[in-house]
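The values are calculated or read from the model by the stated rules, or taken from the named source; none is laboratory data. This is a predicted model, so every value here is computed, not measured. We place every Cβ from the backbone using ideal geometry, glycine too, and count neighbours over all the protein chains shown. SASA here: full protein model, heavy atoms, side chains in, ligands and nucleic acids out. Shrake-Rupley method; radii C 1.70, N 1.55, O 1.52, S 1.80 Å.
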Amino acid sequence: MSTRKIIILNGHPAPSSLSQSLCQTYQTAAEAGGHQVRYHDLSTMQFDIDYGQAGYQNVKPLEPDLADFLTDLEWADHVVMATPMWWGAIPAKLKGVFDRALLPGRAFDTRTTNVMGLPAPMLTGKTARVLLTSDTPALWLRLIYGNAIKRIISSQILGFVGIKPTRFSSFAPATDAAEKTVLSWQRKVADLGARAA
């Protein structure tokens, strides 16, 4: 198996979380498998999540943490992101990463559009794995909510800039998961990391 360049983003804003544990498990297994890994932890990233009064003609400069993230995203050929599901979506600070860092000229090209008028993606050739924690069981998420969070992440965020396919691993219910359950989740994630899947 060929080695891969992997960027890992722990998308939980707290300094300690299940998402962080899963990311670290993935990283350890991936590095043991010979893959190159660059790790970003949302809880330590310092940036303004609000695009504010800036616009595409009046660009708000990226803070160093966002600039580093975008550079590593361009470098990688596989993207791993862990996120909790909060109120049916991702945490506000994680959304801020995408709002601020995925900009025209680096993530998509507004000068080149398809027949539907959509800009050309600039981060093609990359795949993604999302480690999704929630208290909503996967079956309920699919049948009742139509996998809305998965569709937003895979199509309207990552897919929009060319990162696809995006595969999901769901871990639920997560809040009061038993230790043996968490250990089984970590074994699953370690297997994914070893295979850079």
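Annotation note: Cβ proximity below 9 Å between a residue of the stretch 169-184 that is farther than 17 Å from Trp86 by Cβ and a residue that is small (Gly, Ala, Ser) and outside any loop (DSSP other than H, G, I, E, B) (sequence gap 6+ or interchain) occurs for Val182/Ser21. From the list Gly117, Gly159, Gly193, the one residue that fits, being at pLDDT 95 or above and either farther than 24 Å from Ser21 by Cα or assigned to a strand (DSSP E or B) (or both), is Gly159. Does Phe168 count as buried (at least 16 other Cβ atoms within 10 Å of the Cβ) and not in a helix (DSSP H, G or I)? So Phe168 passes the test. Among the numbered conditions (1) farther than 14 Å from Met81 by Cβ; (2) surrounded by fewer than 20 Cβ atoms within 10 Å (Cβ to Cβ); (3) modelled with pLDDT of 95 or more, the only one that Gln20 does not meet is (1). Across the stretch 1-19, the number of residues qualifying as closer than 18 Å to Ala197 by Cα and in contact (Cβ under 8 Å) with a residue 12 or more places away in the chain comes to 10. For Thr83, the stated conditions do not hold, so it cannot be described as part of a helix (DSSP H, G or I) and at negative phi. Annotation note: of Ala76, Ala14, the sole residue that is over 24 Å from Gly159 (Cα atoms), open to solvent by less than 40 Å² (accessible area, probe 1.4 Å) and among the hydrophobic types (A, V, I, L, M, F, W, C) is Ala14.
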